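Worksheet: the structure to be examined is printed underneath.
The values are calculated or read from the model by the stated rules, or taken from the named source; none is laboratory data. As the structure is a prediction and not an experimental result, all values here were calculated from the model. Heads up, the Cβs are rebuilt from the backbone with ideal geometry, glycines too, and the neighbour counts pull from every protein chain shown.
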Amino acid sequence: MKIDAHQHFWEYNDADYPWISEGHAAIRRDFLPADLAPLLGECGVDGSIAVQARQTLEETRWLLGLAERDELIRGVVGWFPLCEAGVDAALERFAGHPRLVGARHVVHDEPDDAFILRDDFNDGVRRLARHGLVYDILIFERHLPNTIAFVDRHPEVQFVVDHIAKPKIREGTFDRRWRTNILELARRENVACKLSGMATEVDGETWGAETLRPYFETALEAFGSERLMFGSDWPVCLLMSGYRRWAETVRSSIGGLSDAGQGAVLGGNACRLYGLAPGSAGR
């Protein structure tokens with residue numbers, strides 16, 4: 001299967017999505033499965049993994065409800081109160097759902113850059129392994145040193161880095177500190193990475209494959225074809241790129257891999273690491 005390992009849905013309102021500002025006109029509206037389906041079809045993608053965009057249990061419930069009604073959604077990465085005493089009850093409530101494959105917290109929005117090392121947060125993450133759930137890591141480049149220490153606490157958890165850890169692409173020179181730290185993080189075999197969210201890190205109204213080439217090359221060097229996944233970050237990507245353009249950019253960037261390697265990045269790794277059953281929407 002070809003899988004988009006990272007996209008979002010929402011019914012837009014100001015209260016639930018304060019990060020969508022007036023400058024984000026392209027995404028200040030509803031985005032639902034019916035909007036995504038023709039894009040997947042056009043690009044030959046069989047299904048997607050829907051990732052949380054709100055930090056509420058209602059978001060998890062809502063995404064799972066969408067997945068029950070639309071088989072294009074092969075899995076859901078939801079949100080759980082990982083720092084709270086009630087996390088066990090929340091996980092027990094949802095973890096048996098066949099479409100729930102992982103959890104995520106928006107770490108890069110936390111005011112404390114060391115949030116990812118908090119004891120209560122780590123206690124919550126530790127519980128994910130009991131339910132076979134992946135943890136998606138959403139950070140900026142500056143969080144990588146703490147993220148390495150965080151991952152080392154959890155050898156039993158499968159981690160996936162979203163958006164290649166958001167290097168400082170917009171500064172115009174290659175982010176060498178990101179390169180050093182992403183190579184070090186990738187030495188942990190329980191860490192994979194999504195080729196997603198890169199276009200929106202570029203400064204200005206235009207970008208090209210050459211701008212992103214060193215970041216693709218570094219990600220391939222770090223994780224190889226066995227631990228990379230295609231992700232669109234749709235509809236957020238629409239701020240800088242149409243769906244098809246991003247899909248074609250990723251396919252071009254991995255064109256030097258074998259057919260098997262390309263197949264792994266474009267879907268096989270998502271199926272394996274998130275536990276998607278081939279030919280179905282469940283784990």
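Okay, residues lined up against (1) surrounded by fewer than 16 Cβ atoms within 10 Å (Cβ to Cβ); (2) within 20 Å of the chain's Cα centre (by Cα); (3) under 27 Å from Val250 (Cα atoms):
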residue: His108; (1), (2), (3): no, yes, yes
residue: Ala114; (1), (2), (3): yes, no, no
residue: Val125; (1), (2), (3): no, yes, no
residue: Asp136; (1), (2), (3): no, yes, yes
residue: Phe140; (1), (2), (3): no, yes, yes
residue: Arg153; (1), (2), (3): yes, no, no
residue: Asp162; (1), (2), (3): no, yes, yes
Against the definition (surrounded by fewer than 18 Cβ atoms within 10 Å (Cβ to Cβ), out of contact with any helix residue (DSSP H, G or I) (no Cβ under 8 Å at 6 or more places or on another chain) and of a type in the set (Lys, Arg)), how does Arg245 come out, yes or no?
yes
I need a count of the residues in the range 56-75 that are of a type in the set (S, T, N, Q), in a loop (DSSP other than H, G, I, E, B) and surrounded by 15 or more Cβ atoms within 10 Å (Cβ to Cβ).
0
Which pairs do you get when a residue that is farther than 21 Å from Thr60 by Cβ and free of Cβ contacts under 8 Å to residues at least 60 places away in the same chain, found in the range 11-31, comes within reach of a residue that is of a type outside the set (Phe, Trp, Tyr) and assigned to a loop (DSSP other than H, G, I, E, B), reach meaning Cβ atoms under 6 angstrom, with the pair 6+ apart or on two chains?
Arg28/Ile20
Filtered residues of the range 76-92 (kept if touching a residue at least 12 places away in the same chain (Cβ under 8 Å) and either assigned to a strand (DSSP E or B) or of a type outside the set (Val, Ile, Thr) (or both))
Val76, Val77, Gly78, Trp79, Phe80, Pro81, Leu82, Cys83, Glu84, Asp88, Ala90, Leu91
Taking the conditions exactly as written (at pLDDT 95 or above, farther than 20 Å from Tyr135 by Cα, surrounded by fewer than 19 Cβ atoms within 10 Å (Cβ to Cβ) and of a type in the set (A, V, I, L, M)), does Leu40 satisfy them or not?
no
State which residue is farthest from Arg126 (Cα to Cα) when the search covers only the range 193-225 and only residues that are assigned to a loop (DSSP other than H, G, I, E, B) and modelled with pLDDT of 95 or more.
Met198
Name the residue that is farthest from Leu195 (Cα to Cα), counting only residues in the range 226-281 that are among the β-branched types (Val, Ile, Thr) and in a helix (DSSP H, G or I).
Val236
Could you grab me the full set of residues in the range 122-152 that are under 19 Å from Asp112 (Cα atoms) and of a type outside the set (A, V, I, L, M, F, W, C)?
Asn122, Asp123, Gly124, Asp136, Glu141, Arg142, His143, Pro145, Asn146, Thr147
